[in-house]
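Here the structure comes first, spelled out in structure tokens, and everything after it is commentary.
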Amino acid sequence: MLKGAWKWQLLDDISQIPATQWDELMQPDTPFNCHSFLLALEQSGCVGAESGWLPMHLVLYQDTQLMAVMPLYRKFHSYGEYVFDWSWADAYDKYQLSYYPKLVSAIPFTPATGARLAIKAGVDRQAVTAMVQQVLQRELQEHSSWHGLFLSSTETAVWHDAAETEIQLSAFVEAPAHHAKLIRREGCQYHWYNRGYSSFDDFLAELSSSKRKNIRKERRQVAEWDYRWRSGAEISPALWQRFFLCYRMTYLKRSGHGGYLNQAFFQSLTASMGDSVKLLLVCAHGDSDEQAVAAALYFHTPNSDTLYGRYWGCLEQHDGLHFEACYYQGIDYCIAQKLACFNAGAQGEHKVLRGFEPVKTYSLHMIAEPAFEQAIADFCQEEIKHNQQYMDGLSAALPYRQQG
């Protein structure tokens, strides 16, 4: 049983929470759920009214002490989430119901698994998670749904256990007429794992002959390029500007818009993240190019064993350049720095043939409308089965040589 006077608030600006308090609770397990990254998104305008991501971060206090925080946004569309629910929105529209606004607990534009609900150490996590679910149930009276995206498997289990918990706190949250069920979805990403390799050739030796030859061919295509790594303060404002130009041009060619993130966001990262996160920018220069014609941005948190590759762009199309800048340079870095895992972003089955392994991802959902709740729950159950079959097929296609 939780004692003391508990209360909750919804905050429309993460700066209302001191960075030290947020990070003390969150103990950021990725570079993206730290206070500085979320603040940079808000202060640059990437997150806010014009973007359709309205902050309403959930905080819980026991008496006057901050006990839990959770990033929370009010959404008027489904862009930038990477757990796709467009078909759900279409079904609502077909029956002349409003799917938006909805609630989302996620890191905007960032499909990286990590902590979403941060709770003070030593406190009953299951009970506090149950309290948070009570708050969300109340908010579903004004929103169609809540979506918690890219939770860890451990946190997902706690949320399911908490859904069965009855907490004894009088009048904490008035119970709604309908109690929405917790629905789980599963997806797939592709991560590379370092199994003690001493060099890139050491990694290649573990692959089948045909896949090894293919990767060597791809690297030879762009082997004459000059790849320059910059980190932290070495990434000057001019270099950020060049990177943003590459990023924006690639988005325009691929999707017809200039990308979710603006130049102010990228340029603020060096100052805002400081020593808490290592920013790494690899720039590709041709033989006669003084300025980079392609660049990829990586993140690494000190004391973490994972490298995150997130944003990329190019001004010229060259065969093999994307694979080199976004995958092979990252693998080289992980081997050199003895990092265990390389998370190169969402999607991309082509990663599997280059040694990236299928990894399961999790999201949780609450649907306010009873008429749609069961249909969506059934859909997710079928999707989980198909996702497992899909991952089994990908695992069978991995290029590693059979051992034993």
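How many Å² of accessible area per residue for the chain, probe 1.4 Å? Please list the in-between numbers first.
Details: 18320 Å² over 404 residues.
Dividing the accessible area of the chain by its residue count gives 45 Å².
Take peptides 315-322, 357-364 and line them up by average Cβ neighbours within 10 Å, highest first, as a rough protection proxy.
Packing order, densest peptide first, comes out as 357-364, 315-322.
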key: Relative contact order (percent, whole number), the range 10-124, Cα cutoff 8 Å, 6+ residue spacing   = 29
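Mind ranking TRP159, TRP8 by accessible surface for me, highest first, 1.4 Å probe?
On the way: TRP159 5, TRP8 60 Å².
Reading off the accessible areas and sorting them downward yields TRP8, TRP159.
Out of all DSSP beta bridges with both ends in the range 1-154, state the antiparallel percent to the nearest 5. Let's see the in-between values first.
On the way: 20 of 23 bridges.
Here the antiparallel bridges make up roughly 85 percent for the range 1-154.
Multiply the residue separation of ASP202 and ARG228 by 0.36 nm, subtract the distance between their alpha-carbon atoms, and state the gained length in nm to one decimal.
Numbers: separation 26, 0.36 × 26 = 9.36 nm, distance 2.31 nm.
Roughly 7.1 nm would be gained on extension.
Output the peptides 99-111, 118-130 sorted from most to least packed, where packing is the average of other Cβ atoms within 10 Å over each peptide's residues. Don't skip to the answer; put the middle values down first.
Numbers: 99-111: 22.5, 118-130: 17.2.
Per-residue mean Cβ counts within 10 Å order the peptides as 99-111, 118-130.
Taking all protein chains as present, what is the carbon and sulfur share of the accessible area of the range 229-337, in % to the nearest whole number, probe 1.4 Å?
Working: 2230 of 4670 Å².
Carbon plus sulfur share of accessible area: 48 percent.
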message = I want the antiparallel fraction of DSSP beta bridges within the chain, as a percent rounded to 5.
response = 90
ask   = Expressed in nm to one decimal, what extension gain is obtained for the pair TRP86 and LEU398 from 0.36 nm per residue of sequence separation less their Cα-Cα distance?
value = 109.2 nm
inquiry  = With a cut-off of 8 Å between alpha carbons and a minimum separation of six or more residues, what is the relative contact order of the chain in percent?
reply    = 20
ask   = Which of the peptides 201-209, 251-259 is most tightly packed, and how do the rest follow, judged by the mean count of other Cβ atoms within 10 Å per residue?
value = 201-209, 251-259
message = I want the local charge near PRO176. Using Cβ-Cβ distances under 15 Å, sum +1 for each Lys or Arg and -1 for each Asp or Glu among the other residues.
response = -3
note = A correct Stokes-Einstein calculation for the range 281-404, using the alpha-carbon Kirkwood radius, 4 °C and 1.567 mPa s, returns a whole-number D in µm² s⁻¹ of 74
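Could you tell me the calculated FRET efficiency between GLU174 and GLN27, based on Cβ-Cβ distance and R0 = 51 angstrom, to the nearest 0.05? Don't skip to the answer; put the middle values down first.
Numbers: r = 32 Å, r/R0 = 0.63.
So the FRET efficiency works out to roughly 0.95.
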inquiry  = Could you work out what % of the accessible surface of the range 1-97 is carbon and sulfur, using a 1.4 angstrom probe and leaving DNA, RNA and ligands out of the count?
reply    = 49
ask   = In terms of Cα to Cα distance under 28 Å, which lysines are near enough to LYS217, apart from those fewer than 8 places away along the same chain?
value = LYS253, LYS338, LYS351
key: Net charge over other residues, Cβ less than 13 angstrom from the Cβ of LEU97 (K, R count +1; D, E count -1)   = -2
Computed lengthening from GLN381 to HIS191, 0.36 nm per intervening residue step minus Cα-Cα distance = 66.0 nm
remark   = the chain, Gaussian network, Cα under 10 Å: of ASP305, ASP13, ASP289, the residue fluctuating most is ASP289
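The values are calculated or read from the model by the stated rules, or taken from the named source; none is laboratory data. Note that the coordinates shown come from a computational prediction; the quantities given were computed from them, not determined experimentally. When we count neighbours, we look across all protein chains shown, and the Cβ atoms used for this are built from the backbone with ideal geometry, even at glycine. The accessibility values were calculated without ligands, DNA or RNA, using every heavy atom of the protein model including side chains. Shrake-Rupley method; radii C 1.70, N 1.55, O 1.52, S 1.80 Å.
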